[in-house]
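The values are calculated or read from the model by the stated rules, or taken from the named source; none is laboratory data. Please read all numbers here as calculations on a predicted model, not as lab measurements. Here Cβ is always computed from backbone atoms with ideal geometry, including for glycine, and neighbour counts include all displayed protein chains.
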Amino acid sequence: MDKLTIVKIGGNIIDDEQKLKDFIKSFSGISGKKILIHGGGKLATRLAETMGVEQQMVDGRRITDAETLKIVTMVYAGYINKNIVAALQANGCNAIGLSGADGNAIAAHKRTHASIDYGFVGDVDAVNVTLVHALLQQELAIVFAPITHDNNGLLLNTNADTIAQEIAKGMSGTYDVSLIYSFEKAGVLLDANDDSTVINEINPAYYSELKTTGKIFAGMLPKLDNAFAAINSGVKKVIIGKAEQLPLLTEGKAGTTIIA
């Protein structure tokens, strides 16, 4: 079974020109087949402010009204996605950038919630495994923007961590998949402000204990939920850690490893 490395890069890295440049160099150096999923960083928020489009967040998730959808599509699937692809090409890594609508790559439905209207936010229904596999066979690195579609002409803003997990799950029947969540912290931390408190390994029982006792930063919980969903669906390895340590993360020598 071929090895496939799937890396999700956090918004704070995208916002830092030098860190992004270093990260892309490291990602280009990963051997074998690879996929990169990116979020949006602060650019969409800054652009929305410039255009006078008020932004609402609930539990760290953006409420996506019609005007915000236009902005995030332009920023995520346009400017950020193509700049990452161009930077990968400059590092000798042949890449293709996609949204979920391209090639019907990621189909989703509009999120429904009993009390919150998230607007044009999507929850993933299906990943086009055949398409992804065909592109990987062309020795292309695939760069996914967190924009999906509903097969009825509607684009949807979708959580990039979730997209990474869904792609990892979808490809785990064909490849030996490692999923890496890379962001600005050294891993899952007992103290959110102290990188030396990184937890090396988390299994389901320990995760349950950490949640019950409130020992980990609440913003990390969705990432961990995604990580365990991936592990429980056949993904071989999930690691959460610092983008600057990507070479070590790919070898399992840094960050937090999620185990079944």
Legend entry - Every residue from segment 141-159 that is touching a residue at least 40 places away in the same chain (Cβ under 8 Å) and either part of a loop (DSSP other than H, G, I, E, B) or over 18 Å from Asp65 (Cα atoms) (or both): Ala141, Ile142, Val143, Phe144, Ala145, Pro146, Asp150, Asn151, Leu154, Thr158, Asn159
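Results for (1) touching a strand residue (DSSP E or B) at 6+ places or on another chain (Cβ under 6 Å); (2) surrounded by fewer than 19 Cβ atoms within 10 Å (Cβ to Cβ); (3) assigned to a helix (DSSP H, G or I), shown as yes or no for each residue.
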position	(1), (2), (3)
Ile13	no, no, yes
Ile24	no, no, yes
Gly41	no, no, no
Leu47	no, yes, yes
Glu67	no, yes, yes
Met74	no, yes, yes
Ala77	yes, no, yes
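Of all residues in segment 110-124 being of a type in the set (A, V, I, L, M) and either part of a loop (DSSP other than H, G, I, E, B) or over 19 Å from the mean Cα position of the chain (by Cα) (or both), which is surrounded by the most Cβ atoms within 10 Å (Cβ to Cβ)? Spell out the reasoning first.
At the first step, the residues of segment 110-124 found to be of a type in the set (A, V, I, L, M) are 114, 116, 121, 124.
In the following step, the residues that additionally are either part of a loop (DSSP other than H, G, I, E, B) or over 19 Å from the mean Cα position of the chain (by Cα) (or both) were identified as 114, 116.
Working: Ala114: 4, Ile116: 14.
Only one residue fits best here, namely Ile116.
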Inset, instruction - Could you grab the pairs with beta carbons closer than 6 Å, sequence gap of 6+ or different chains, first residue in segment 220-239 and over 17 Å from Leu210 (Cα atoms), second one modelled with pLDDT of 90 or more and of a type in the set (Gly, Ala, Ser)? - result: Ala230/Ala168; Gly234/Ser172; Val235/Ala168; Val235/Ser172; Lys237/Ser178; Val238/Ala227; Val238/Ala230; Ile239/Gly255
Legend entry - Considering residues of segment 49-65 that are out of contact with any Ser or Thr (no Cβ under 7 Å at 6 or more places or on another chain) and part of a loop (DSSP other than H, G, I, E, B) only, the residue modelled with the lowest pLDDT: Gly60
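Only one residue in Leu224, Leu210 is farther than 19 Å from Gly173 by Cα, of a type in the set (A, V, I, L, M), surrounded by 15 or more Cβ atoms within 10 Å (Cβ to Cβ) and touching a helix residue (DSSP H, G or I) at 6+ places or on another chain (Cβ under 8 Å), so which one is that? It would help to see each step written out before you state the result.
On the way: Leu210 fails: touching a helix residue (DSSP H, G or I) at 6+ places or on another chain (Cβ under 8 Å).
Residue meeting the stated conditions: Leu224.
Please go through segment 20-48 and give me each residue that is modelled with pLDDT under 95 and either over 24 Å from Leu154 (Cα atoms) or among the charged types (D, E, K, R) (or both), ordered by number.
From segment 20-48, those modelled with pLDDT under 95 are 39-48; that's our starting set.
Residues satisfying the conditions are Lys42, Arg46.
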